[in-house]
Amino acid sequence: MNGIVILLIAIFIRHSLYRLRFFSHMFQQLGYKTGEYRKWLGSHFYSHAVTPEHIFYNIIILLMIYLFADRVTLTAGALVMFVFALFWFVGISRYQEEKEKKPLVYTARMKRLGITALVLMGISWFILIDFAYRGLQLRDFAAPFISTDPYFLGFGMIIVDMFVPLILMAAAWLMKPVENIIQNGFKKQARNKLSSLPNLKVIAITGSYGKTSTKFVINSFLKERMNVCVTPGSFNTPMGICKVINNELDATHQVLILEMGARYRGNILELCRIARPDISVITNVGLAHLETFGSQDVIAYEKGTLARELKPGGVLVLNGDDERVRAMAEYRDDVKIVFTGQEGSVRAADISVSPEGTHFTMSWLDSDGVVEAQERVQTPLLGFHNIQNVLLGAAIAREFGIRLKTVALAASRLEPVEHRLELKQRNGLTIIDDAFNSNPVGAKNAVDILASFGSGRKILITPGMIELGELEDEENRKFGEHIARAGLDLVILVGREQTKAIAEGIASVNGETNESVRIVKSLFEANDILQEYAQTGDVVLYENDLPDTYNE
């Protein structure tokens, strides 16, 4: 019988460890933010945090204690506890996805957090088992064989299992001072590194969207003549920037290009205190992260931090076609201000957009509005929004003395940023990979690009847009209406709850019965449908892809 008790303990410890890994994975995907993790727990409370199995097991314990304790022996009680634990807690499919979009990465921070959580769980298990072993006196014939009360033990183990997500949060709170010390060390190292390179020019880019694409456009233009260090991918957080500065920047680099992202007020100021820019680029003010900012005015103020923190005598490059961005010119009178767009000093005209790329005439104007240089630009980048990215990049190149002809040549060799309107060929299908796009303007633009293809059936796979606050349903509904008007052959919506507003938007245009719309639970299920439906020559758009924390 002691073996049964040991197996009961082993079942719960195993289950708790799998739960710890699952919640650690979600915590990592939420950027180690305890506030967002707490919110996620609230929305997944009964599906993952406290499950029906937890509740039913506690009910079984209460029934055994209050109804059957005088009728069955502790030996029988131990067997009952073991059998229910075996059926309900050996399976871990709820916490172990067959496929993960973004697997758990055992970074140094995750290891520190995991070890702390394991220590807290280990202490809980030790106290529980030790108390049960030493503090309870058994009073039936099983006493010589069983060293603890199986009801108390089962209740204690299930409580620890239920509290795993809170134990992880407690571990994060305990480790917060340690993480702050470590991060401040990296920041200090980065600042010291930059101060040792007085001739280095720091270019910082922010905006609601287009940051990464603009960053790589600038890099493509400048590297024609200069030695450039640029942050990879979407590295736009303090630790991402510090990693590049500390590990990749060296004395041979002339320019450092940084992308600065923000989800909360003060994020960009924190980044500027690591690397204060010589040149600031602001792409736009949209609805991205409206859920955390609250309004577009707050977003505009946060993005404007990059203008306010620009070094005196620096260069401020603004998208003049965005009213809120244009207004940021008023923040400074001690820097050079350059506008791009229709009324800017770097403009585009005679625009032609097709599935093969984008063509337009770029003009550079002097301070009097006279055309100084003009060139026809052809770039493989798709979509109208990429024209603005190219104009911003050209404005930066112009500040470094690079000729327009050189810029036009570099533009012809530009390649799409990974997962941002990236064109691929796969098994006879044309894939438009826009998985990293989540703003209303870009999403509608991507659907227009899909509809513009002249041959093959058009297929859209999307979970819609997130983090748009109170406007999320409205914007997704408008997106659905736009999808309906595009006349696509198949629309696969990922997540019934997540895409409800999109489905309503489509139905408002096409009617309630629409056989071209399919709703699935996951991206993997969407891909299964695509494999059955698609045929050679079809065009597929993947518009946005949500992390595992949004799985339904």
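The values are calculated or read from the model by the stated rules, or taken from the named source; none is laboratory data. What you see is a predicted model; the values in this text were computed from it and never measured. Counting neighbours? That spans all protein chains shown, and the Cβs are built from the backbone with ideal geometry, glycine included.
Observations
- Inter-residue pairs, beta-carbon under 9 Å, first assigned by TED's automatic domain parsing to the domain that holds residue 46 and in the stretch 1-22, second of a type in the set (Lys, Arg) and modelled with pLDDT under 90, 6+ apart: 18/94; 19/94; 22/94
- Within the stretch 179-207, the set of residues being in contact with a helix residue (DSSP H, G or I) (Cβ under 9 Å, 6 or more places away or on another chain) and not in a helix (DSSP H, G or I) comprises 200, 202, 203, 204, 205, 206, 207.
- Tally of residues being over 24 Å from residue 234 (Cα atoms) and assigned to a loop (DSSP other than H, G, I, E, B) across the stretch 397-447: 6
- Matching residues in the stretch 351-372 - criterion: being loosely packed, with under 15 Cβ neighbours inside 10 Å and either in contact (Cβ under 8 Å) with a residue 24 or more places away in the chain or not in a strand (DSSP E or B) (or both): 351, 354, 356, 366, 367, 368, 369, 370
- Any hit, the stretch 37-49, residues being surrounded by 17 or more Cβ atoms within 10 Å (Cβ to Cβ) and touching an Asp or Glu at 6+ places or on another chain (Cβ under 8 Å): no
- Test result for residue 377, part of a strand (DSSP E or B), modelled with pLDDT under 95 and assigned by TED's automatic domain parsing to the domain that holds residue 295: no
- Residues (of a type outside the set (Gly, Ala, Ser), within 30 Å of residue 81 (Cα to Cα) and within 21 Å of the chain's Cα centre (by Cα)) located in the stretch 28-47: 41, 44
- Against the numbered list (1) farther than 17 Å from residue 357 by Cα; (2) surrounded by 17 or more Cβ atoms within 10 Å (Cβ to Cβ), residue 489 comes up short only at (2).
- Residue tally, condition of a type in the set (Val, Ile, Thr), out of contact with any Asp or Glu (no Cβ under 7 Å at 6 or more places or on another chain) and at pLDDT 95 or above, over the stretch 395-429: 2
- When the test is whether a residue is hydroxyl-bearing (Ser, Thr, Tyr) and on the phi > 0 side of the Ramachandran plot, residue 95 does not pass it.
- Candidate set from the stretch 388-404 (those that are buried (at least 22 other Cβ atoms within 10 Å of the Cβ) and of a type in the set (A, V, I, L, M, F, W, C)); member that is nearest to residue 342 (Cα to Cα): 391
- Residue within the stretch 456-463 that is under 25 Å from the mean Cα position of the chain (by Cα) and among the small types (Gly, Ala, Ser) present: no
- Scanning the stretch 309-321 for residues that are touching a Gly at 6+ places or on another chain (Cβ under 9 Å) and surrounded by 22 or more Cβ atoms within 10 Å (Cβ to Cβ) returns 318, 319, 320.
- The residues in the stretch 334-348 that are modelled with pLDDT of 95 or more and surrounded by fewer than 16 Cβ atoms within 10 Å (Cβ to Cβ) can be counted, and the count is 2.
- Residues of the stretch 61-79 satisfying the condition of being part of a helix (DSSP H, G or I) and touching a residue at least 40 places away in the same chain (Cβ under 8 Å): 61, 64, 65, 74, 75, 77, 78, 79
- Among the candidates 470, 504, 497, the residue that is more than 30 Å from residue 357 (Cα to Cα) and out of contact with any helix residue (DSSP H, G or I) (no Cβ under 9 Å at 6 or more places or on another chain) is uniquely 497.
- Of all residues in the stretch 433-441, none satisfies being more than 25 Å from residue 387 (Cα to Cα) and either touching a Ser or Thr at 6+ places or on another chain (Cβ under 6 Å) or hydroxyl-bearing (Ser, Thr, Tyr) (or both).
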